[in-house]
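Right, one structure below, let's go through it.
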Amino acid sequence: RRVHGGTSYIPSVHMTDLSLNDARAAISEIMDAFREDETESRLNDAREKAQNDTLKFMQLVYPVALSVQVEIIQKYGFSGDQQGLLAFTNAIRSHAQDPEVHRQATELKTILMPPGVISQD
């Protein structure tokens, strides 16, 4: 939340339309990027350092994950920051009924969720 002129507000997230084909392609590219040896190594190192500490997980793993995803989401019209990633996530959710998108989004969640956090589909 930010305070502007004495009024608090939550910044809006710019929504970008994402076709089903683009959603499939983008999430597939992201999953491929996470499977690359260098990325897996960076994520594993960050997870090891974080151990089972959720706060450390967010401090160490999320920046690696964000850096992997922003390059890809920018190709689909999203900004290369946390707000862009949030908008991208919302756009992917709009295609969650598609089996391919759903499967890969679920797989992505397992990579991004701190240990011990239960994900609800």
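Could you check segment 50-76 and list, in sequence order, the residues that are assigned to a loop (DSSP other than H, G, I, E, B) and either on the phi > 0 side of the Ramachandran plot or not aromatic (F, W, Y) (or both)?
Step one: filter segment 50-76 for residues assigned to a loop (DSSP other than H, G, I, E, B), giving 51-53, 75-76.
Listed by number, the residues that qualify are Q51, N52, D53, K75.
Would you mind telling me which numbered condition in (1) over 30 Å from S19 (Cβ atoms); (2) at pLDDT below 95; (3) of a type outside the set (S, T, N, Q) D37 fails?
Answer for D37: the failing condition is (2).
Filter segment 77-119 down to the residues that are open to solvent by 60 Å² or more (accessible area, probe 1.4 Å), touching a Leu at 6+ places or on another chain (Cβ under 8 Å) and in a helix (DSSP H, G or I) and list them by number.
Q82
The values are calculated or read from the model by the stated rules, or taken from the named source; none is laboratory data. Predicted, not measured: the structure shown is a model, and the values here were computed from it. Backbone-built Cβ (ideal geometry, glycine too); neighbour counts: all protein chains shown. Note: areas computed on protein heavy atoms with side chains; ligands, DNA, RNA excluded. Shrake-Rupley method; radii C 1.70, N 1.55, O 1.52, S 1.80 Å.
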